[in-house]
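First comes the structure, then the notes that go with it.
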Amino acid sequence: MKSAQEDEYLEFVAARAKALYRSAYVLAAGDAHLAEDLVQETLSRVYVHWNRVAGADSPAAYAQTVLVRTFLSLRRRRSTGERPIENMPDGAASGPDTALRLTLLDALGQLPPRDRAVLLLRYWEDRSIEETAQMLRLSSSAVRSQGTRALGRVRALLGDTLSDLVPH
């Protein structure tokens with residue numbers, strides 16, 4: 001890669017790495033290490049194809065698509081792996097919404113990967129149905145129905161727990 005292109009890529013990474021990590025963290029249902037791995041894999045794939053990415057209408061959207069597809073392909077390949085633990089280790093972040101955040105991440109972690117990806121793109125990233133469909137290589141109606149079912153599953157998993165955690 002030429003020096004000017006490397007500088008462009010490094011600027012892109014500096015500008016987008018945190019946003020990619022936040023999305024990866026949600027996809028990974030709160031697993032910070034998996035989120036870091038997803039971002040690293042995404043950025044390496046973007047680097048390899050930087051000439052094409054830099055010429056795209058939106059390099060940020062391209063990278064987001066790569067992140068989601070990397071997550072989905074990783075979940076398909078992992079037949080075994082680490083399992084989540086019941087209790088968080090000491091030293092977890094604290095704050096007014098920590099319990100709410102952990103409860104939501106736990107519920108998301110129980111969803112299938114594609115459902116998590118749909119919810120992330122539609123509600124966390126605030127993408128349109130068409131953008132989500134394009135990124136996941138689904139039809140618009142599949143995104144709508146999968147999103148509706150995924151939200152229903154999250155609501156069923158949370159039950160009355162969510163109302164107990166939300167300050168009134």
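Evaluate the following for GLU6: is it more than 26 Å from LEU105 (Cα to Cα) and either of a type in the set (S, T, N, Q) or out of contact with any Asp or Glu (no Cβ under 9 Å at 6 or more places or on another chain) (or both)? Spelling it out, GLU6 is indeed more than 26 Å from LEU105 (Cα to Cα) and either of a type in the set (S, T, N, Q) or out of contact with any Asp or Glu (no Cβ under 9 Å at 6 or more places or on another chain) (or both). In summary, helices (runs of 4 or more DSSP H) completely within the range 26-115 and bearing 1 or more residues that are modelled with pLDDT of 90 or more, under 14 Å from the mean Cα position of the chain (by Cα) and surrounded by 12 or more Cβ atoms within 10 Å (Cβ to Cβ) occur at 32-48, 59-77. The requirement of being among the small types (Gly, Ala, Ser) and closer than 18 Å to LEU111 by Cα is not satisfied by ALA61.
Being modelled with pLDDT under 90, assigned to a helix (DSSP H, G or I) and surrounded by fewer than 10 Cβ atoms within 10 Å (Cβ to Cβ), is that true of even one residue in the range 158-168? Scanning the range 158-168, I find at least one residue that is modelled with pLDDT under 90, assigned to a helix (DSSP H, G or I) and surrounded by fewer than 10 Cβ atoms within 10 Å (Cβ to Cβ), so the answer is yes.
As a summary of the residue check, THR148 satisfies the conditions (1) crowded, with 16+ Cβ neighbours inside 10 Å; (2) at pLDDT 90 or above; (3) assigned to a helix (DSSP H, G or I) except for the one numbered (1).
The values are calculated or read from the model by the stated rules, or taken from the named source; none is laboratory data. None of these values were measured; they are calculated from a predicted model. Note: ideal-geometry Cβ built from the backbone for every residue, glycine included; neighbour counts use all protein chains shown.
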